[in-house]
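To start, the structure under review is shown below, and the notes come after it.
The values are calculated or read from the model by the stated rules, or taken from the named source; none is laboratory data. Since the model is a prediction, treat every value here as computed from it, not as a measurement. Every residue, glycine as well, gets a Cβ built from its backbone with ideal geometry; the counts of neighbours run over all protein chains shown.
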Amino acid sequence: MYEGPPREGAETEYRRREPQSPIVRRPDRIALWAVGMAIVAMIAAAASAHADSGGTGVTGTGSCSDGGFGSRTLRLGDCGNDVKTLHWVMKADSYGVSLNKDFDDSTQSEVQSFQKQNDLSQNGVVGKRTRKELVKTMPKSRATWYGMLHSQTACGVTLHRNTIGVAHRNLPCGTKVALKYGNHYVRARVIDRGPYTKGVRWDLTQGAAKALHFTGSDEIRAAPIKK
């Protein structure tokens, strides 16, 4: 014989004890819209920062490279021949950098100083925009090249096919010079006297001309480091 609560009360009690299904809420459309806009803003900010740093699609990796100057974006921790060329170009413009292959704290600081003077983003990264302004510090002048293999120069250097150097009328022997022609760079030293053709300032050795892909008489950019 049933002696419990009335049936209506029993049904109420059963429903009370029955596990409740979790409440499924529809996504808040406004919240989703806000998240989406935030993501878009973050992407846009990153793209803007990349452009300000002169991004080329290749960033500094903190590793050494034998690539030429301009082949990658340079930043703190990088090292290689391209960093050394950067140092030579900046040193010729009287910036206090070393002449080694390491992009260290002092390089970053001097790059930031250069960027400040040229109204660039002061992030210490040498990308396309900063590099373009650095190139402008290298004066243009006309050059030629010469062979005269196995002869001795006015500075006492014996010329060989791959000797990299330049002749100049009055810069001291041994003066370091950063050279640019087209998209090619080379670091050289003054090892001879000349040229003596009117309107020509530099005479490149065969090795220097080859490294620059220079084949005749044309304008180059040259930045000598004056002691």
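Assorted remarks:
- Of residues in region 161-178 being in a strand (DSSP E or B) and of a type in the set (V, I, T), the one nearest to R221 (Cα to Cα): V177
- Subset of region 103-144 that is outside any helix (DSSP H, G or I) and within 13 Å of the chain's Cα centre (by Cα) - its residue that is farthest from V177 (Cα to Cα): N123
- Residues of region 140-172 satisfying the condition of being surrounded by fewer than 16 Cβ atoms within 10 Å (Cβ to Cβ), touching a helix residue (DSSP H, G or I) at 6+ places or on another chain (Cβ under 9 Å) and either outside the structural domain of R201 (by TED's automatic domain parsing) or on the phi < 0 side of the Ramachandran plot (or both): G147, L149, H160, R161, N162
- Yes/no for V83 being touching a Leu at 6+ places or on another chain (Cβ under 7 Å), of a type outside the set (S, T, N, Q), farther than 16 Å from A188 by Cβ and surrounded by 16 or more Cβ atoms within 10 Å (Cβ to Cβ): yes
- Of all residues in region 185-196, those that are in a loop (DSSP other than H, G, I, E, B) have Cβ atoms under 9 Å from Cβ atoms of residues that are small (G, A, S), 6 or more apart or on another chain, in R193/A154; R193/A167; G194/A154; G194/A167; P195/A143; P195/A167.
- Meets criteria (crowded, with 18+ Cβ neighbours inside 10 Å and closer than 17 Å to G216 by Cβ) for Y181: yes
- Here region 197-212 is the region considered, the condition is being of a type in the set (A, V, I, L, M) and not in a loop (DSSP other than H, G, I, E, B), and the residue that is surrounded by the fewest Cβ atoms within 10 Å (Cβ to Cβ) is A211.
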